[in-house]
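Novice: Take this structure first; my questions come after.
The values are calculated or read from the model by the stated rules, or taken from the named source; none is laboratory data. What you see is a predicted model, and the numbers here were worked out from it, not measured in a lab. As a convention, Cβ positions derive from the backbone with ideal geometry for all residues, glycine included, and neighbour counts pool all protein chains shown. Each accessible area value is taken on the protein alone, full model and side chains, heavy atoms only, with ligands, DNA and RNA left out. Shrake-Rupley method; radii C 1.70, N 1.55, O 1.52, S 1.80 Å.
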Amino acid sequence: MQLYSAAPSPFVRKARVVLLELGLSDQVEIVEAMGTPINSSNMPVDQNPLGKIPCLVREDGPSIYDSRVITRYLNDKAGGDLYPTCDRQWETLTLEATADGIMDAAVLMVYEKRVRPDELVYMAWINAQWEKISRTLDAVEDRWMDHLSGSLDMGQIGLGIALEYLDFRHEDRNWRVGRDKLAAWQAEFAKRDAMQATQPTA
Ligand SMILES: N[C@@H](CCC(=O)N[C@@H](CS)C(=O)NCC(=O)O)C(=O)O
């Protein structure tokens, strides 16, 4: 299999962490891809017409994309338990969606500054994206700590990656302030071998 990847991408990192956690890394070749919403030239557009990464090229079927589809496919392939089927199922899926939403907003903030011409950068829009992130982090601090203390699942992996992406791209926003429980959880989670091995680089 081939995984179209870029080192800074939090969505790609989800797939890479799952490969490591499930012991599947040697079955996948990492293929570098880079692009933005207005320049897909170096993206796997034949494999994913949306021109986004991650995208997984499989030997046993068509390419698959969207990080959530890839991680679920890898989990099935390895017989893993990152998507529990018990009563934690819906919580896990919702937490993964929550983490993806944080990443979506955080990546859009980067694109707004990096991709748009300076005179078209709309600060109110950037700040509104941060407001979504901030509100979501408060909700996680208030309501999700119990789930985060449970056994490893895809919601936790997504959230750990989303939080480190905030450090990587939006350090000046200081997401830890007022969120001591979440900050403590993240500090521990970041020590996992799979997290250490996949830290984002520019
Ligand atoms: N929902 C997608 C989001 C993937 C995504 O936005 N990836 C970014 C890189 S971090 C990308 O490919 N951007 C290029 C573009 O938007 O055209 C997923 O979970 O895989």
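Novice: First compute the accessible area of the chain with a 1.4 Å probe, then give the percent of it belonging to carbon and sulfur atoms.
Specialist: Carbon with sulfur: 49 percent of the solvent-accessible area.
Novice: List, largest first, the extents of the alpha carbons of the chain along their principal axes, each in whole Å.
Specialist: Extents along the principal axes, in whole Å: 46, 43, 27.
Novice: What does the C-alpha gyration tensor say about the overall shape of region 29-115? Classify as rounded when a/c is under 1.5, otherwise prolate if a/b is larger than b/c, or oblate.
Specialist: Oblate shape, in that a/c is at least 1.5 and b/c is the bigger or equal ratio.
Novice: Any idea how far apart residue 142 and residue 46 come out in nm if each label point goes 7 Å out from Cα toward Cβ?
Specialist: If labels sit at residue 142 and residue 46, their model points lie 5.0 nm apart.
Novice: Note down the magnitude of the dipole of the chain about its Cα centre, charges +1 on Lys and Arg C-beta and -1 on Asp and Glu C-beta and zero elsewhere, to the nearest 20 debye.
Specialist: Roughly 260 debye, rounded to the nearest 20.
Novice: Compute the relative contact order of region 2-78 as a whole-number percentage, counting only Cα pairs closer than 8 Å that sit 6 or more residues apart in sequence.
Specialist: Relative contact order, region 2-78: 34 percent.
Novice: Separate question: Looking at 84, 170, 95, which one has the Cα that reaches farthest to the positive end of the dipole of the chain (charges on Cβ: Lys, Arg +1; Asp, Glu -1)?
Specialist: Sorting the options by dipole projection puts first 170.
Novice: If you don't mind, there's one more thing I want to ask. Using a 1.4 angstrom probe and counting only protein chains, how large is the accessible area of residue 114 in Å², to 10?
Specialist: 150 Å²
Novice: Restricting to lysine pairs 8 or more places apart or on different chains, what number in the chain have Cα atoms under 20 Å apart?
Specialist: 7
Novice: Here's another thing I want to ask about it. Tell me which of 73, 6, 122 sits at the most positive position along the dipole axis of the chain, charges placed on C-beta atoms (Lys, Arg +1; Asp, Glu -1).
Specialist: Going by the charge dipole, the pick is 122.
Novice: Considering amide H positions built from the backbone, and no H for Pro or chain starts, which residues 5 or more places from residue 31, or on another chain, come under 5 Å of its amide H?
Specialist: 3, 4, 5
Novice: May I ask you to compute the full-extension gain from residue 188 to residue 120, defined as 0.36 nm times their residue separation minus their alpha-carbon distance, rounded to one decimal in nm?
Specialist: Separation in residues times 0.36 nm, less the Cα-Cα distance, equals 20.5 nm.
Novice: What list of ³J(HN,Hα) couplings, whole Hz, do you get for region 24-41 from phi and the Karplus terms 6.51, -1.76, 1.60, once you set θ to phi - 60° and write x for glycine and proline?
Specialist: 3J(HN,Hα) across region 24-41, in whole Hz: 9, 4, 6, 8, 10, 9, 7, 10, 6, 9, 9, x, 9, x, 9, 8, 9, 4.
Novice: Express the accessible area of the chain per residue in Å², computed with a 1.4 Å probe while the remaining protein chains stay in the model.
Specialist: 51 Å²
Novice: Just grab the label-to-label distance for residue 69 and residue 104, each label 7 Å out from Cα along the Cβ direction, in nm (one decimal).
Specialist: Placing both labels 7 Å along Cα→Cβ, they lie 1.6 nm apart.
Novice: Once the Cα gyration tensor of region 118-202 is found, what semi-axes does its equivalent ellipsoid get, as square roots of 5 times the eigenvalues, in whole Å, sorted largest first?
Specialist: 25, 17, 10
Novice: Restricting the count to DSSP beta bridges whose residues both fall in the chain, what percent are antiparallel, rounded to a multiple of 5?
Specialist: Expressed as a percentage, antiparallel bridges in the chain total about 65.
Novice: Separate question: Which order do the peptides 55-68, 93-106 take when ranked by the mean count of other beta-carbon atoms within 10 Å per residue, highest first?
Specialist: Highest mean packing first, the order is 93-106, 55-68.
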